[in-house]
């Protein structure tokens with residue numbers, strides 16, 4: 001008989017509260033994974049790619065190799 005005592009307004013408020021908490025958890029999880037996740041490989045997308053890591057030495061070698069190739073033409 002307890003379920004019959006709950007009014008429709010209370011049910012609506014409960015559903016709204018559940019939806020709000022779910023949305024807050026979802027947005028909080030997105031922010032947490034974007035800024036604090038250790039499993040993402042360097043970028044906020046979490047794709048695991050190397051887009052967030054720059055190898056400066058490799059970049060310098062590539063520039064020097066292209067410069068030498070153009071100088072030898």
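FYI, it's all coordinate maths here, none of it is from the lab. Computed from a predicted model, the values in this text were never measured in an experiment. Here Cβ is always computed from backbone atoms with ideal geometry, including for glycine, and neighbour counts include all displayed protein chains.
Once R0 is set to 35 Å, what does the formula 1/(1 + (r/R0)^6) return for the Cβ-Cβ distance between residue 14 and residue 54, expressed as a FRET efficiency to the nearest 0.05? Approximately 0.10, to the nearest 0.05. Working from label points 7 Å from Cα in the Cα-to-Cβ sense, the residue 30 to residue 7 distance is 3.6 nm.
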